[in-house]
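Q: Before we start, here is the structure in question, set down as structure tokens.
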Amino acid sequence: MMQSFISIRPRYKPRLTYSYLLSYTLQSSHPLPLALAILQRTLRSGCLPIPQTHVLLSSAWLDRRCLSHSVANIFLEMQSIGYHPDCGTCNYLLSSLCAVDQLVEAVNVLKGMGGAGCIPDSNSYDIVIGAMCKARRTSDAQDLMKQMVEKYGLTPDHGTVVKFLTALRTNKEIWKAVEVIEFLEKEGNSVGFESYELVVEGCLARREYVLAAKVVMGMTERGFIPYIKVRLKIIEGLASIDEWKIACAVRERFAKLKS
């Protein structure tokens, strides 16, 4: 039946049918892999399932996983009904698992989806890293960010970087936040002004004036100039701990940039 919908234009026209089919299938005794196929057709039609789908899909997925089925095997079962897993379907499942705080299983799906021929993309990692940041699980988020950049050569979304740095600052892990910026820059990923400013302000809040100066010097090398209040706080902070040499170097840098 779903195959007959493919030729319908506009593609979103059968969205109510897809919605009813997906909800009904997910509440049946054997929802997978058919529900994954319906989900795929829904997403490819340009529509989004109703919000309750996150809970139903997560529940159906976890039930199958409890039967010792691997991530890859569950996705590959779609082939038995003429469908093939794709990143869009996998990413929606990741979103669903994260929405119900099943972060460990989300990481398992992220690791296992490649076995079904779905190599994780930037969105895959951004979804899980964002959820880890919300839960303030910064060590896990850092591991995933390193994996996506080093293993797959992916670039994290600007918003994801900001979420991660915000979580680190909230956890008072400002040194780790500086390390993240250095890591991303070293790997050729540009870091935006908002991220730099966030970390500099975090350094100042922790009275890490020398560290703030280090970040600012790297920031200015990329053409970013901190707000004037931040500049003044850095100079005053360095002076208060008798780091006059560093204070002068930072002031000279600002002067060269005509700030």
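What follows is calculated from the coordinates using simple rules that are stated; it is not laboratory data. The structure displayed is predicted, hence computed values, not measured ones. In this analysis, Cβ positions are derived from the backbone assuming ideal geometry, glycine residues included, and neighbour counts consider all displayed protein chains.
Q: Return the sequence-ordered ³J(HN,Hα) values of segment 138-153 in whole Hz as given by the Karplus equation 6.51 cos²θ - 1.76 cosθ + 1.60 applied to θ = phi - 60°, using x for Gly and Pro.
A: Taking θ as phi minus 60°, the curve returns 6, 5, 5, 4, 5, 4, 5, 5, 5, 5, 5, 7, 7, 7, 10, x Hz for segment 138-153.
Q: Considering the chain as a Gaussian network with a 10 Å cut-off on Cα pairs, which listed residue, 248, 98, 47, attains the greatest mean-square fluctuation?
A: Among 248, 98, 47, the largest mean-square fluctuation in the Gaussian network model of the chain belongs to 248.
Q: Lysines within cross-link reach of residue 111: Cα-Cα under 24 Å, excluding same-chain residues under 8 positions apart?
A: Filter leaves 134, 146, 151, 163.
Q: When ranked by the protection proxy of mean other Cβ atoms within 10 Å per residue, highest first, what sequence do the peptides 74-80, 194-200, 224-230 form?
A: Ranked by mean Cβ neighbours within 10 Å, highest first: 194-200, 74-80, 224-230.
Q: May I pose another question? Stretched out fully, how many nm does the piece from residue 240 to residue 189 gain, at 0.36 nm a residue minus the Cα gap?
A: Net length gain for the segment: 14.9 nm.
Q: Taking 0.36 nm per residue of separation and subtracting the Cα-Cα distance, what length does fully extending residue 68 through residue 101 add? Intermediate values should be presented prior to the final figure.
A: Values: separation 33, 0.36 × 33 = 11.88 nm, distance 2.06 nm.
The span from residue 68 to residue 101 would gain 9.8 nm if fully extended.
Q: For residue 170 and residue 80, FRET efficiency with R0 = 41 Å and r from the beta-carbon atoms, rounded to 0.05?
A: In this case the efficiency is close to 0.35.
Q: If N is the number of residues in the chain, what value comes out of its Cα radius of gyration divided by 2.2 N^0.38 Å?
A: 1.29
Q: To the nearest 10 degrees, how steeply does helix 228-240 sit against the main Cα axis of the chain, on a 0 to 90 scale?
A: Relative to the chain, helix 228-240 is tipped by roughly 50 degrees.
Q: On to the next question. Rounded to the nearest 0.05, what FRET efficiency do residue 59 and residue 136 have when you use their Cβ-Cβ distance and R0 = 25 Å?
A: 0.45
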